Amino acid sequence: MGQMRRTKIVDLLQSKEFGKQIIVKGWVRTKRGNKQVNFIALNDGSCIHNIQIVVDVPDFDENLLKRITTGASVSINGELIESQGSGQSVEIKAKTIEVLGECDPEKYPLQPKKHSLEFLREIAHLRFRTNTFSSITRIRHAMIFAVHKFFTEKGFYNIHTPIITASDAEGAGEMFQVTTLNMDSVPRTEEGKIDFSEDFFGRSTNLTVSGQLEGELAAMAMAEIYTFGPTFRAENSNTSRHLSEFWMIEPEMAFYDLDDNMDLAEEFLKFLIQYALDNCMDDLLFLSKRLQEEEKNKKADERSMELIEKLRFVMENDFVRLTYSEAIDILKNSKPNKKGKFNYPITGFGSDLQSEHERYLVEKHFKKPVILTDYPKEIKAFYMKLNEDGNTVRAMDVLFPQIGEIIGGSQREESYEKLTGRMQEMDIPEKDMWWYLDTRRYGSVPHSGFGLGFERLMLFVTGMSNIRDVIPFPRAPKTAEF
RNA sequence: UCCCUAGUAGCUCAGUUGGUUAGAGCGGCGGACUGUUAAUCCGUAGGUCGUAGGUUCGAGUCCUACCUGGGGAGCCA
């Protein structure tokens, strides 16, 4: 006969099989009690809730009980019983307890008290053991799963695009170089430049800043594809909304125009949010309480909308769609612009929108998610489809309250002539892009796509305010610990 | 990268116009309590005041540089 298997706490808490012998394993959150009875709050990551272990002190060795401290791991053999206390309905009466791993309370940094998110960031290897980060971890998993579920149900194919790339023409930002050259003695050409022909790939390579271009290649045969992979930006940006390494979802669809693209983006975001509401309610309730607790000292008008209410609000409202030019008109005539409240006053067509402008549109003017379209070509990427006016491109940015741009996308330029024309204007070398241009040479079709920053979605769904708290081990300038 | 701001006990913070021996709460440890809910009550230990210079009779406190955290901006997802 094999050993009895452990039961997960999430299942025990829903069980009504009182009297049943079970094994539960996990990590001690707190222990309290007196000489007669001890209570251990045990968590195993299967849900936000702990299960209470009741220990009749006289039945156990004093030295064993002393080793059960906050953070210690234990295996407990006991009986599932109906709780006599008021805080829970089921609990476990311990028969035998084994301490799997001790945890020195003098040294263990996580104690049963409030810790700041900043402090927990410094001990990211341990922060999974807190309620906040175990909730975020479960929601993150649910969102990853929901992304694949959404696209699978729509008949999209997932494509793994390369992480190492030799193309630096994507124009999406500074790149991390990938090399095996000896940095102490770099090979040089006769002109004194670094000789990348000696490098591992025989050419200069970097980490990807986007899988879009390769995604387009796949879409030109598979029709509807998506990527979901790591993305690297070497920009020295130090904000609560940027990471050097983050995860991005990039669908690319043949035969979609910009309106189809917007429809898909809105449906996608709503699907993900609904999935969280349907599957992560315990964790959302906890994060909602946490947020309200954190903001209780703020003035009423500075507090965020209650988390679940906010998620439902997005579900129930259509996103506002308007063009860049219409947005400029609204901003130009807005109170803050007329009163000189903007740091960057709106003068007219052509100026890029600053985050203060985006926030005004989303949070003050429309008070709901906004999709801006048809930006001036000068401030957007070369591959976006040129409108008939010759000045604007069929771009779209989805703007969310609090986090700003959550999605950026466009209809792509399918005309070979127009695309190469734009590349020349923007000094993008055609020579290196021959494979991309082949899609426009052979069977080109209208197509569209967008990129969703996964951690930005996580910010919105969890209500967290710093992006470094919604990815397990954040990578940012001067930050690569763990 | 720029602007603002902070760094004092394991954590969160207080520390007066520069002045004798740097405080509190939480957490830890010891004790009390027959069912507790981040338990409660009593007691107790714990600090090279971010680092390096400087001003001063005297610096946690003032000045300079640097490091690190946080907020904002730019770049973007």
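Tabulated values for the structure
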| quantity | calculated |
| --- | --- |
| Only one of A:417, A:425, A:413 that is of a type in the set (Asp, Glu) and open to solvent by less than 10 Å² (accessible area, probe 1.4 Å) | A:413 |
| Output for the range A:40-61, where each listed residue is touching a helix residue (DSSP H, G or I) at 6+ places or on another chain (Cβ under 8 Å) and either within 11 Å of RNA strand B (Cβ to nearest atom) or not β-branched (Val, Ile, Thr) (or both) | A:42, A:43, A:44, A:45, A:46, A:47, A:49, A:50, A:51, A:55, A:57 |
| Residue A:98 open to solvent by 90 Å² or more (accessible area, probe 1.4 Å) and within 10 Å of RNA strand B (Cβ to nearest atom) | no |
| Residue check, residue A:312 modelled with pLDDT under 90 and either under 28 Å from residue A:272 (Cβ atoms) or open to solvent by less than 90 Å² (accessible area, probe 1.4 Å) (or both) | no |
| Filter pass, residue A:151 being among the aromatic types (Phe, Trp, Tyr), assigned by TED's automatic domain parsing to the domain that holds residue A:279 and either open to solvent by less than 10 Å² (accessible area, probe 1.4 Å) or over 30 Å from residue A:47 (Cα atoms) (or both) | yes |
| Answer residue from the range A:209-229, given it is at pLDDT 95 or above and hydroxyl-bearing (Ser, Thr, Tyr) and is farthest from residue A:150 (Cα to Cα) among those | A:227 |
| Selection from the range A:9-39 of residues that are near RNA strand B (Cβ under 9 Å from one of its atoms) and either more than 23 Å from residue A:140 (Cα to Cα) or open to solvent by 60 Å² or more (accessible area, probe 1.4 Å) (or both) | A:30, A:31, A:32, A:33, A:34, A:35, A:36, A:37, A:38, A:39 |
| Residues located in the range A:384-410, provided they are in a loop (DSSP other than H, G, I, E, B) and either basic (Lys, Arg) or crowded, with 24+ Cβ neighbours inside 10 Å (or both) | A:385 |
| Single residue of the range A:62-86 satisfying the filter (more than 10 Å from RNA strand B (Cβ to nearest atom) and assigned to a helix (DSSP H, G or I)) that is farthest from residue A:40 (Cα to Cα) | A:63 |
| Tally of residues being under 19 Å from residue A:465 (Cβ atoms) and either assigned by TED's automatic domain parsing to the domain that holds residue A:31 or more than 7 Å from RNA strand B (Cβ to nearest atom) (or both) across the range A:101-121 | 2 |
| Filter pass, residue A:375 being in contact (Cβ under 8 Å) with a residue 12 or more places away in the chain and open to solvent by 20 Å² or more (accessible area, probe 1.4 Å) | no |
| Failed condition for residue A:162, given (1) closer than 19 Å to residue A:211 by Cα; (2) within 16 Å of RNA strand B (Cβ to nearest atom) | (2) |
| Selected residue (criterion: nearest to residue A:465 (Cα to Cα)) from residues of the range A:428-443 that are open to solvent by 40 Å² or more (accessible area, probe 1.4 Å) and part of a loop (DSSP other than H, G, I, E, B) | A:429 |
| Flag for residue A:118 being without any contact (Cβ under 8 Å) to a residue 60 or more places away in the chain and part of a helix (DSSP H, G or I) | yes |
| Filtered residue count, the range A:122-139, keeping only those that are more than 14 Å from RNA strand B (Cβ to nearest atom) and within 18 Å of the chain's Cα centre (by Cα) | 8 |
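Rundown of residues vs (1) part of a strand (DSSP E or B); (2) over 17 Å from the mean Cα position of the chain (by Cα); (3) modelled with pLDDT under 95, yes/no style:
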| residue | (1), (2), (3) |
| --- | --- |
| A:241 | no, no, yes |
| A:252 | yes, yes, no |
| A:256 | no, yes, no |
| A:259 | no, yes, no |
| A:264 | no, yes, no |
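The values are calculated or read from the model by the stated rules, or taken from the named source; none is laboratory data. Please read all numbers here as calculations on a predicted model, not as lab measurements. Positions of Cβ are backbone-derived with ideal geometry, glycine not excepted, and every protein chain shown enters the neighbour counts. Note: accessible area is taken over every heavy atom of the protein model, side chains too, but ligands, DNA and RNA are not part of it. Shrake-Rupley method; radii C 1.70, N 1.55, O 1.52, S 1.80 Å.
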